[in-house]
Amino acid sequence: MMIRRFAIHNYVKNMVNINPGEYGAVIWSFVYFFSLLSSYYILRPIRDEMGVIAGVDKLQWLFTATFIVMLLAVPLFGYVTSHLQRKSFLPYIYYFFIVNILLFYLLFESGFSQILTARIFFVWLSVFNLFVVSVFWSFMTDLFNNEQARRLFAVIATGGTIGAITGPLLTTFLVQSVGNASMLLISAGLLGLSIISIYRLIAWQRTRHEVNEPHRLDDKPLGGAILDGIRLALTSPYLLGICLLMLLFTLLSTFLYFQQAQIVKDAFSDSETRTSVFAAIDLSVNLLTLLLQTFVTSRLVKGVGLGITLALIPLLLAFGFVLLGFYPALPVLIAVQVMRRAGNYAIMRPAREMLYVVLSREEKYKAKNFIDTVVYRGGDAVSSWVYAGLKSVGFTLSGIAWIAVPISLFWAWIAYRLGRRQTIMANGLHATSAGGRYERIG
């Protein structure tokens with residue numbers, strides 16, 4: 001029995017590469033991301049269906065409205081992070097969104113103007129998604145150092161992937177019997193589990209750092225002005241590079257999303273059926289993501305470096321757009337979309353979050369949140385109008401695909417350069433912390 005336990009322990013250690021003392025943090029981070037993405041992926045198919053109800057030809061207006069709401073929300077987030085401790089503002093953000101979900105449940109049940117409710121919900125969930133996930137990864141980059149991030153982020157991301165599989169499964173099997181509104185209550189309950197995880201992780205960090213890294217115990221409010229996130233992002237060449245990386249990502253993602261919405265609308269007439277179809281697409285994406293995270297992601301950064309890891313998905317997407325240019329058919333479009341989303345969740349997203357590990361706490365929360373929300377949704381809004389403009393002048397799916405090929409290659413080059421820069425900064429940070437100091441450089 002002892003030999004078997006030892007063998008299992010060694011197998012787990014080799015697979016996930018977790019050191020003694022890290023298990024509690026990894027488990028709660030795993031649970032946190034699992035519950036967060038389960039909650040979101042229950043709502044995402046409903047959001048996609050709300051986009052269809054609101055009008056596929058009006059999606060660019062919904063993307064623009066989302067960007068405007070982001071512009072209004074970022075100063076509020078800056079005020080909260082400047083005046084509240086992390087142990088307070090992190091749970092408050094999730095409490096706020098739980099209340100929002102309950103209010104939408106009441107709206108859905110009341111039968112209030114379906115089209116107006118659909119438009120509000122679409123915009124709200126687009127904001128909700130980026131804020132809660134951005135806050136999660138800000139917390140992770142603050143919780144773990146660069147060496148830990150390279151070992152553990154793929155494992156933690158797997159928790160999110162399993163949650164992203166669980167959410168669509170619940171929606172696929174339950175929505176046609178209980179309706180869209182009741183799914184919101186399940187989502188709110190899962191989001192509550194994220195709050196419990198936050199409290200446990202903050203407690204772990206304080207206990208751990210009291211012994212090993214007392215310089216990282218400071219949990220005072222971040223201070224500064226409410227618009228510091230914008231200033232930090234726009235005055236740092238490194239952060240400006242991440243902004244460009246995000247804009248290129250959103251441009252190509254939006255092109256594929258609009259095509260998906262139109263195709264599903266044309267194929268199915270029933271609302272619950274379309275919701276179920278969107279959930280099934282999410283499920284297939286997330287199953288592939290789980291396979292990649294289990295067998296590829298954790299070894300990729302270590303094997304080829306962060307730069308190549310970040311460039312891999314843009315390069316594959318360039319190949320996918322070449323295929324779409326030659327064969328603009330539904331099966332090819334779906335295959336490219338599944339590859340892009342799975343590759344982003346499994347490989348590029350964890351690698352992209354590593355870019356922030358070498359930054360200061362203020363940059364991790366304020367600048368990162370600005371990039372993950374305003375820059376992201378700004379890119380969505382601009383991209384939606386670009387797509388609408390291309391369609392209005394007669395571009396077909398094939399023509400848009402050929403335009404996307406050089407954009408994908410440029411995205412790959414930017415990603416590679418940022419990964420190389422992060423490695424240089426991380427090596428310098430390690431050198432300065434070797435003598436007991438922990439400073440941001442570069």
(message) Given a 1.4 Å probe and heavy atoms of the protein chains only, how would you sort 106, 62, largest accessible area at the top?
(response) 106, 62
(request) Give the distance, in whole Å, between the Cα centre of the stretch 282-326 and the Cα centre of the stretch 99-158. (result) 23 Å
(message) How large is the accessible surface of residue 28 in square angstrom, using a 1.4 angstrom probe and rounding to the nearest 10?
(response) 60 Å²
(request) With a 1.4 Å probe and every protein chain left in place, work out the accessible area per residue of the stretch 293-442 in Å², rounded to a whole number. (result) 40 Å²
(request) Given the peptides 149-156, 386-393, arrange them by the average over their residues of other C-beta atoms within 10 Å, most packed first. (result) 149-156, 386-393
(message) Accessible area per residue for the stretch 92-206 in Å², computed with a 1.4 Å probe and the full protein assembly in place, what is it?
(response) 35 Å²
(request) With a/c under 1.5 counting as rounded, go ahead and sort the stretch 279-404 into rounded, prolate or oblate using the C-alpha gyration tensor (a ≥ b ≥ c being the square roots of the eigenvalues; past the cut-off, prolate if a/b is larger than b/c, else oblate). (result) oblate
(message) Between residue 268 and residue 207, what's the calculated FRET efficiency when r is the beta-carbon distance and R0 is 41 Å? Round to 0.05.
(response) 0.20
(message) Residues of the stretch 405-426 with the amide nitrogen closer than 20 Å to a label point 7 Å from the Cα of residue 391, along Cα-to-Cβ, please.
(response) 405
(message) Given a 1.4 Å probe and heavy atoms of the protein chains only, how would you sort 416, 365, largest accessible area at the top?
(response) 416, 365
(request) Quantify, in whole percent, the carbon and sulfur part of the accessible surface of the stretch 294-407 (1.4 Å probe; protein heavy atoms only). (result) 76 percent
(request) With all protein chains present, calculate the accessible area of residue 336 using a 1.4 Å probe and round the result to the nearest 10 Å². (result) 10 Å²
(message) Need one value: the accessible area of residue 128 in square angstrom, 1.4 angstrom probe, rounded to the nearest 10.
(response) 0 Å²
(request) Take the solvent-accessible surface of the protein heavy atoms, probe 1.4 Å, and return the percent of it on the stretch 130-173 that carbon and sulfur atoms account for. (result) 73 percent
(message) When a/c reaches 1.5 or more, the comparison of a/b and b/c decides; with that in mind, is the stretch 83-154 rounded, prolate or oblate per its Cα gyration tensor?
(response) prolate
(request) Could you tell me which of rounded, prolate or oblate describes the stretch 124-202, using a ≥ b ≥ c as the square roots of the eigenvalues of the alpha-carbon gyration tensor, with rounded for a/c under 1.5 and, failing that, prolate when a/b is larger than b/c and oblate otherwise? (result) prolate
(request) Quickly work out the residue 326-to-residue 106 label distance, labels modelled 7 Å from Cα along the C-beta direction, and quote it in nm with one decimal. (result) 5.7 nm
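The values are calculated or read from the model by the stated rules, or taken from the named source; none is laboratory data. The structure presented is a predicted model; accordingly, all values stated were derived computationally and were not measured. Note that we place each Cβ from the backbone using ideal geometry, even for glycine, and neighbour counts take in every protein chain shown. The accessibility values were calculated without ligands, DNA or RNA, using every heavy atom of the protein model including side chains. Shrake-Rupley method; radii C 1.70, N 1.55, O 1.52, S 1.80 Å.
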